[in-house]
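One structure is given here, and the rest of the page talks about it.
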Amino acid sequence: MAEVKTKEEPRIGVFVCHCGTNIAGSVDVKAVVEYARKLPNVAVADDYQYMCSTPGQNKIRDAIKEHNLTGVVVAACSPRLHEPTFRGATKMGGLNPFRFEMANIREQNSWVHMHQPEEATAKAKDAIRIAVAKAALLEDLVPKSVPVEKAAMVVGGGVGGMQAALDLANAGIKTYLVEKNPTIGGRMSQLDKTFPTLDCSQCILTPKMVDVYRNENIELLTYTEVEAVEGYIGNFDVTLRKKARGVLTTEEAEARGYVGGGCNGCGDCEGVCPVIKPNPFEVGMAPRKAIYIYHPQVSPLLYTVDFDACVKCGLCVDICGDKKAIDLNATDEFMNVKVGTVILATGYDIFPIEEKTEWGYKRYDNVITSLEFERLICASGPTGGHLVRPSDGETPKRIGFVLCAGSRDNTGVGKPYCSRFCCMYSLKHAHQIIEKIPGAVPYIFYMDIRSFGKMYEEFYYRIQNEGAKFIRGRVANILEDPVTKNLHVNAEDTLLGRPVDVEVDLVVLAAAIQPSAETERTRRLFGVSCSQDGWLLEAHPKLNPCGTTTAGVYLAGVCQGPKDIPDTVAQAEGAASAASIPIHLGEVELEPYFAQCIEEKCAGCGLCVNLCPYSALALVEKDGRRVMQVTEAKCKGCGTCGGFCPGGAIWMQHFATPQIIAQIDAFLLGGEE
Amino acid sequence: MSENKRQYAFFLGCVAPNRYPGIEAAAIKTSEKVGIELLPLKGASCCPAPGAFGSIDLNIWYAMAARNLVLAEQMGMDIALICNGCYKSIWEVNHKLKHNDELRDGVNEVLKEIDMEFKGSIDVWHLAELYYDPKIVGVDKIAESVTRPLTGVKVGVHYGCHLMKPQKDRHFGDTENPMWLDELVAALGAEPVQYRNKMQCCGAGGGVRGYDLTHALDITNEKMINLQEVGADALTEVCPFCQLQFDRGQLEIQEKFGIAWGLPVLHYNELLGLAQGMSPDELALDLHAVDVEPFLKKIL
């Protein structure tokens, strides 16, 4: 329970920042300081060019001592930027850091009222008057430390998630790697080669997959989804749904008493299974059975039963024999894990490019997406690496590549953003067909070629020299010749200033990407925000690209925004580093903005308990009556209970009712004569 | 007048009454038979033409179109119209003024001079979309109104750009491969044929015809090539301005390029009129530039 402070004479120091001309350009700082000096309880008022600089902070420190201040107000930028700085300065002066209050006179004032100096100055005076009123009532608060669970979770087993898990594990942290698909590897395992080095994608990825599988600190949970999340940084309690797989690992088999049993990946079951379905790994271009693996290099090498397709004929069970690896009666299982921090690496899906009807995907046989191209050109793909036209199986000679297919598109159907890796992989595709098909000519329809990375521009020149044709212009539409199934690509060549109609054998659409289907659900479970386009929102776009606004949850890879493999891996390592810090520290400080129950006033009605969105409140017996009790570590200080309590029995620390009333009074009753 | 008829303020436009009066007659008479009564929108001006006015002064375009809209608001009726150009102006200005307060205030400032105010109380429809909408008419009811099915003819369908684009401001779904007008043609007993580059422009719109006639005719000619490729007996559209380009344009093509296509071009309402038993005279088909007779021989 918060101490009700005994009366002390408040002595407030007010410090107004010029922020160069950011504030002083429209706010008359000197006039504001003069005004602040006359406010009740203000012991000193001063201004400085940059309050956040060391001399600026020293001013605060020295003034606290010199004027025996009880509270500090800084009028400057947003508290999101410099509240920690000024709390530090307040502490240096010997005051409790929560005796500090910030008035935002930049983002919410000088920047938006750039051409209204008089109004801006008046508004700054209001903001300071309000802040001073609160500062006079501030109390000493002590942040609460909670221990951090020595484990982490990574959601998503693509290259980003794998890298993050490996880094965490190698730093000695127990890491749960959760992947919804039956194997890790993600999108990268579907790719044939990577730009600009032309390494075989699988060849560089599979060693990492093996590392993940073998790492003793990693608990690999494939075919598993996050079901529910409770808790907070340091103490996330995550419920996982292990989807019914129908196939036992050797460990699971042993647990059932089948020593030496369990799936060894022999594939006999697949041989006898009579049910055929399209393989999503091959973008539906190759079949798989109802019991399947995606491809030979899966990790873990463990078959999976597709229970939506399985007819339970039992042939697989028979041929599996003594290994007893198959259980056709399997059901989903749930498990709980406790982790200190979480990294989301949920990746992307391909935008359904058939929605851009002008290009005829799914209407014309010979219009394919880049991901389909990757599988068709890949030696382990459905055609053994022979690129063919879907309409007749012939080898295409003239191939059109449509870049920005659904990206940088403001028509309302596509995506406004750049998908960022399509230029580069399309250049790689052009190289691959020139290399593999004698006489093949790639026609690349582009808006700009964005070859921004290391050795990327050089790669672009290389492909130009290899003979690819570049046509700068957005493709207006594609028309199919009904007889030959060839395609006429109509575009404006903006360099020649005339429309072109290029007849090609095959069109490859470099389709836009969008957040993977499960991203929205997953982010809600972890309380992470997203931007307008659905990508997960980082804590700061430049200075905190791996963090989120939810403490303890970090981002890696494309789920945060389109990026290529090097950028994904780099961000994953950053996220792993950030996620390991609280774990290595062992405890984290929580902002002390907890609700507190004033027990003498509490009637024990319990209405607040049901209102609390974080399950932080409970009713307990105390001295023979029921009162509410707050679990401080769970409380986020949202104030729902405090605002509702009919008896006024809930005290919101740092946002207490008297403090807020004082602010309102200062605004409504104060002001210049 | 039957009590369950729906009434609309009929916005005529300029091209239909001046060049193809048969379209106007057909619109009124054919709609009557499917439960739509078209009442004259008295005092209406040009829509005004989106390309000609819109590309010179948008404010004039907004204000003039708004004036036409206010006339219908005063009648308390939605507008029905028969031309894609009119649709672009009247529908789009209505849509914009309803969703942009600033624009609406500016337009009302101008309208105040003639004691008018845009209120945003009505909707605007192309007659063809009313025909297709099962809640208003629907394909079945159109088929029921047919007394002389147009069996044995292949008809190419032209939708027209101003009706379908820009797609984010329209509500017709697929704007690249639409089929709804084809369904309305099939309801008359004719066979709607699919041809290459169906959504291509007629060649005239957006000021292209006024700016570069040869280029406009080039586009029209390509359209003719693609229609001939699939053996179309006629071309139908829902826009008198497209009709003008396809019909009279064929004479210009003959003059400039020396190609005589002889492809009859009929507005959907003219086609519907024929199917409902109206005579070619009633439809003033003799005013078409390209002889419609070969097509009539196949159906009459």
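Only the coordinates and a few stated rules stand behind these numbers; no lab work does. Predicted model, so just to flag it, every value in this text is computed and none were measured. Positions of Cβ are generated from backbone atoms using ideal geometry, with glycine treated the same way; all protein chains shown enter the neighbour counts.
Things worth noting here:
- With contacts taken as Cα pairs under 8 Å and at least 6 residues apart, segment A:369-468 reaches a relative contact order of 23 percent.
- Averaging Cα coordinates gives a centre for segment A:64-124 and one for segment B:98-159; these two points are 59 Å apart.
- Cα centroid separation, segment B:161-186 to segment A:372-396 (Å): 35 Å
- J(HN,Hα) series, segment A:428-438, from Karplus relation 6.51 cos²θ - 1.76 cosθ + 1.60, nearest Hz, glycine and proline x: 5, 4, 4, 4, 5, 6, 4, 6, 8, 10, x
- For A:Cys635, neighbours were defined as the other residues whose beta-carbon sits under 13 Å from its Cβ, and their charges (Lys and Arg +1, Asp and Glu -1) total +1.
- Annotation: lysines with alpha-carbon distance below 25 angstrom to B:Lys5 (same-chain offsets under eight excluded): B:Lys29, B:Lys33, B:Lys42, B:Lys135, B:Lys141.
- Rh by Kirkwood over Cα pairs, then Stokes-Einstein D for segment A:185-274 at 1.306 mPa s and 10 °C, µm²/s: 95 µm²/s
- Cut-off under 5 Å, modelled amide H: who pairs with A:Val588 long-range: A:Val146, A:Val148
- Along segment A:458-468 the Karplus relation, 6.51 cos²θ - 1.76 cosθ + 1.60 evaluated at θ = phi - 60°, assigns HN-Hα couplings of 4, 5, 4, 4, 4, 5, 4, 5, 6, x, 5 Hz to successive residues, with x for each Gly and Pro.
- Charge tally around B:Met199: other residues with Cβ under 14 Å, Lys/Arg +1 each, Asp/Glu -1 each, net 0.
- Approximating the spin labels as points 7 Å out from Cα along Cα→Cβ, the A:Asn465-to-A:Lys542 distance works out to 3.7 nm.
- For segment B:239-300, taking Cα atoms only, Rg and Dmax work out to 12.1, 38 Å respectively.
- Across the options B:Ala128, B:Thr30, B:Asn68, the greatest Cα extent toward the positive end of the charge dipole of segment B:1-146 (unit charges at beta carbon of Lys, Arg, Asp, Glu) belongs to B:Thr30.
- Relative contact order (%) - criterion: Cα under 8 Å, at least six apart; region: segment A:445-590: 11 percent
- Computed P(r) (all Cα pairs; chain A; 20 Å bins; percent): 15, 37, 31, 16, 1
- With 24 Å as the limit on Cα-Cα distance, the pairs of A:Lys91/A:Lys123; A:Lys397/A:Lys469; A:Lys356/A:Lys485 that go past it are A:Lys91/A:Lys123.
- Farthest positive-ward along chain A dipole, Cα basis, beta-carbon charges - from A:Leu611, A:Gly157, A:Pro499: A:Leu611
- Under 14 Å, Cβ to Cβ, from A:Asp365 - net charge with Lys/Arg +1 and Asp/Glu -1: -3
- Remark: the Cα gyration tensor places segment A:171-324 in the oblate category, a/c being 1.5 or greater and a/b not exceeding b/c.
- Multiplying the residue separation of B:Asp212 and B:Asp57 by 0.36 nm and removing their Cα-Cα distance gives an extension gain of 53.7 nm.
- Magnitude of the charge dipole, chain A, Cβ model with Lys/Arg +1 and Asp/Glu -1, debye to 20: 460 debye
- Positive-end residue, the protein assembly as shown charge dipole about Cα centroid, Cβ charges, pick of B:Ile114, A:Ala575, A:Phe281: A:Ala575
- Taken about its Cα centre, segment B:148-192 carries a charge dipole of roughly 140 debye when the Cβ of each Lys and Arg holds +1 and the Cβ of each Asp and Glu holds -1.
- Between A:Ile581 and A:Asn336, full extension at 0.36 nm per residue minus the direct alpha carbon distance yields a gain of 85.9 nm.
- About the Cα centre, charge dipole magnitude for segment A:526-641 (Lys/Arg +1, Asp/Glu -1 at Cβ), debye: 360 debye
- Rg(Cα) / (2.2 N^0.38 Å) computed for segment A:491-616, rounded to two decimals: 1.72
- Debye equation applied to the C-alpha atoms of segment B:35-179, log10 I(q)/I(0) at 0.14, 0.15, 0.19 Å⁻¹: -0.74, -0.83, -1.20
- For A:Met153, the residues 5 or more places off, or on other chains, whose built amide H falls under 5 Å of its own are A:Tyr176, A:Thr341, A:Val342, A:Ile343.
- Burial ranking of peptide ranges A:124-137, A:360-373 (average Cβ count within 10 Å, highest at the top): A:124-137, A:360-373
- Alpha carbon centroid spacing (whole Å) that separates segment A:290-317 from segment A:435-488: 39 Å
- Cα-based convex hull volume of segment A:401-517 per residue, rounded to whole Å³: 138 Å³
- When B:Val230, B:Val139 are arranged by Cβ crowding within 10 Å, least crowded first, meaning fewest neighbours, the order is B:Val230, B:Val139.
- Using θ = phi - 60° and Karplus 6.51 cos²θ - 1.76 cosθ + 1.60, couplings along segment A:634-639 (whole Hz; Gly, Pro as x): 8, 5, 9, x, 5, x
- Normalising the average separation of contacting C-alpha pairs (under 8 angstrom, six or more residues apart) by the number of residues puts the relative contact order of chain A at 13 percent.
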